[in-house]
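Take a look at the structure set out below.
The values are calculated or read from the model by the stated rules, or taken from the named source; none is laboratory data. These numbers come from a predicted model, not from an experiment. Cβ sites come from the backbone with ideal geometry, for glycine too, and all protein chains shown count toward neighbours. Keep in mind that these areas ignore ligands, DNA and RNA; they rest on the heavy atoms of the full protein, side chains included. Shrake-Rupley method; radii C 1.70, N 1.55, O 1.52, S 1.80 Å.
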Amino acid sequence: MERAREIIPGGVNSPVRAFQAVGGHPPFIQSAKGCWLHDADGRRYIDYVGSWGPMILGHAHPEVIDAIQSAAGSGTSFGAPTELEVLLAEKIRSFFPSIEKVRLVNSGTEATMSALRLARGCTGRSVIFKFDGCYHGHSDSLLVQAGSGLLTLGLAGSPGVPPDFVRHTVSLPFNDLCRLEEAFEKYSDQVAAVILEPVAGNMGVVRPKDGFLEGVLRLSDRFGAVAIFDEVMTGFRLAKGGAQELYSVQAPLTCLGKIVGGGLPIGAYGGKAEIMDRMAPEGDIYQAGTLSGNPIAVSAGLKTLEILQRENPYARLERLTRRLCRGLKEAAEAAGTALQVQSCGSMFTAFFNPQPVHDYDSAQKSDTGLFGAFFRKLLQRGVYLPPSQFEAGFVGFSHSEEIIDQTIEAARQALAEQQTT
Ligand SMILES: *Cc1c(COP(=O)(O)O)cnc(C)c1O
């Protein structure tokens, strides 16, 4: 870590990896298999980070590795169309009925940034509505009240984002349709898009209240704005068709990332053909990428989606996650600790909070000191949670009941120890 800090800012290539919020030093990972991470000091951990979402099949899944290896043998990048890209696009469309056309990019950040440009281009308007605590990648106009990394480091936005850029971004409380309607009335014909995490993961897991998603879609429609569902985390995670399938809604534009690349860098945005056809070269709105649709990344993503289709693991993943959440809740009760264990599908967060969390303000009432101590005690016991109170943990293919029960036992010991210190 010292050597890393000499040469890489904070020693990491993405801030939350540095453990600033929880204390201690991050293990350096050497390899991973299934739900296990192995570090450079020879220790192993049950992994609930899953590379922050993508690794739903577990690490080094043999079929995905085969797909990557065989793609690499045919050349690593052409900058020209391939059949693989068409196959992945068709697969995405078959999972997401709201997506008629889709474009591949290299990250979730690129997907949301491009979707915003598209919405602004289509509507000829500038204002963007987002929700406090939702994170949509690190592009300038979206770094406002943006959850996880910023929440963890206590930053409101970021220096280097000119006030003029965020002047057009309005951040509103999550789960509050009245405030959204008021904002629409105030900005009426200036609003290009409303972007949201349909199930929030980047302030910790927060479900939408009944009717919230429908309300967002209805109000956007009424005021001529494009609703953008950022399913970078929830897509292929909550169900094959993401939060839209789970809540039976359809968004005009959807952003994808994480699982869609099967552990390699891919993002995607797609939706109604009439909107997508505004993109160059079909239309006049520009977006491009030298490595977009990279054959190795696309092969990993395609294989991952094929396996999800074949195995349909969602009911099992949810059952395992419920078991884990119940165990954590009981362990907290036994130790007299106020813990809100919130989950949706295979995403979960244990908030050290006396009250349920339904938005950014209630998430902020969590005791991050207690979380940090819990995190470190679990790490000592070989359990690797996301190193922030405001993140989702993920259960995947290779977490068994036995692994879940080991985790619960570790949590029970950690919470009991915390109670006595
Ligand atoms: C992770 C994430 C992003 C950003 O994706 P990157 O690949 O890290 O750029 C955007 N939106 C949501 C909801 C995410 O969880």
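Being in the same structural domain as residue 98 (by TED's automatic domain parsing) and either free of Cβ contacts under 8 Å to residues at least 40 places away in the same chain or within 13 Å of the chain's Cα centre (by Cα) (or both) is the requirement here; does residue 288 meet it?
In short, yes.
Give segment 23-38 a look and list any residue that's part of a loop (DSSP other than H, G, I, E, B) and loosely packed, with under 15 Cβ neighbours inside 10 Å, or say none.
If we filter segment 23-38 for residues that are part of a loop (DSSP other than H, G, I, E, B), which is where we start, we get 23-28, 35.
23, 24, 25, 28 - these are the residues of segment 23-38 that are part of a loop (DSSP other than H, G, I, E, B) and loosely packed, with under 15 Cβ neighbours inside 10 Å.
Going by what's in this entry, would residue 366 be described as under 14 Å from residue 203 (Cβ atoms) and among the small types (Gly, Ala, Ser)?
When the stated conditions are applied, residue 366 passes them.
Which condition breaks for residue 415 when tested against (1) crowded, with 17+ Cβ neighbours inside 10 Å; (2) within 27 Å of residue 54 (Cβ to Cβ); (3) among the hydrophobic types (A, V, I, L, M, F, W, C)?
(2)
Given the structure, is residue 84 more than 30 Å from residue 377 (Cβ to Cβ), at pLDDT 95 or above and either away from the ligand (no atom under 16 Å from the Cβ) or part of a helix (DSSP H, G or I) (or both)?
For residue 84, the condition - more than 30 Å from residue 377 (Cβ to Cβ), at pLDDT 95 or above and either away from the ligand (no atom under 16 Å from the Cβ) or part of a helix (DSSP H, G or I) (or both) - is met.
Based on this model, can you work out whether residue 110 counts as farther than 20 Å from residue 300 by Cβ and assigned to a helix (DSSP H, G or I)?
Considered against the rule, which asks whether it is farther than 20 Å from residue 300 by Cβ and assigned to a helix (DSSP H, G or I), residue 110 comes out as no.
Pairs needed: first member in segment 9-22, open to solvent by 100 Å² or more (accessible area, probe 1.4 Å); second member anywhere, hydrophobic (A, V, I, L, M, F, W, C) and assigned to a helix (DSSP H, G or I); C-beta distance under 8 Å; at least 6 residues apart or different chains.
Partner pairs satisfying both residue conditions: 20/153.
Of the numbered conditions (1) in the same structural domain as residue 50 (by TED's automatic domain parsing); (2) open to solvent by less than 30 Å² (accessible area, probe 1.4 Å), residue 307 fails exactly one; give the number of that condition.
(1)
Among the helices (runs of 4 or more DSSP H) confined wholly to segment 145-189, which include 1 or more residues that are more than 21 Å from residue 117 (Cα to Cα) and at pLDDT 80 or above?
177-187
Which count do you get for residues in segment 345-370 that are among the hydrophobic types (A, V, I, L, M, F, W, C), touching a Ser or Thr at 6+ places or on another chain (Cβ under 8 Å) and under 20 Å from residue 134 (Cβ atoms)?
Going through segment 345-370 one residue at a time, the tally reaches 4.
Look through segment 190-216, keep the residues that are in a strand (DSSP E or B), farther than 26 Å from residue 48 by Cβ and within 19 Å of the chain's Cα centre (by Cα), and return whichever of them is nearest to the ligand (Cβ to nearest atom).
Selected residue: 195.
Cβ-Cβ under 6 Å, sequence separation 6+ or interchain: first residue in segment 230-258 and among the aromatic types (Phe, Trp, Tyr), partner within 12 Å of the ligand (Cβ to nearest atom) and not in a strand (DSSP E or B). Which pairs?
236/259
Scan segment 21-65 for residues that are in contact with a Pro (Cβ under 9 Å, 6 or more places away or on another chain) and of a type in the set (D, E, K, R) and report the count.
Of the residues in that region, 3 qualify.
Give me the pairs, please: first residue somewhere in segment 106-118 and modelled with pLDDT of 95 or more and of a type in the set (Val, Ile, Thr), second residue anywhere and part of a helix (DSSP H, G or I) and more than 6 Å from the ligand (Cβ to nearest atom), beta-carbon distance under 7 Å, and either six or more positions apart or on two chains.
Final answer for the pair search is 112/142.
Exactly one condition in (1) open to solvent by less than 10 Å² (accessible area, probe 1.4 Å); (2) not in a loop (DSSP other than H, G, I, E, B) is not met by residue 362; state its number.
All conditions pass for residue 362, except number (1).
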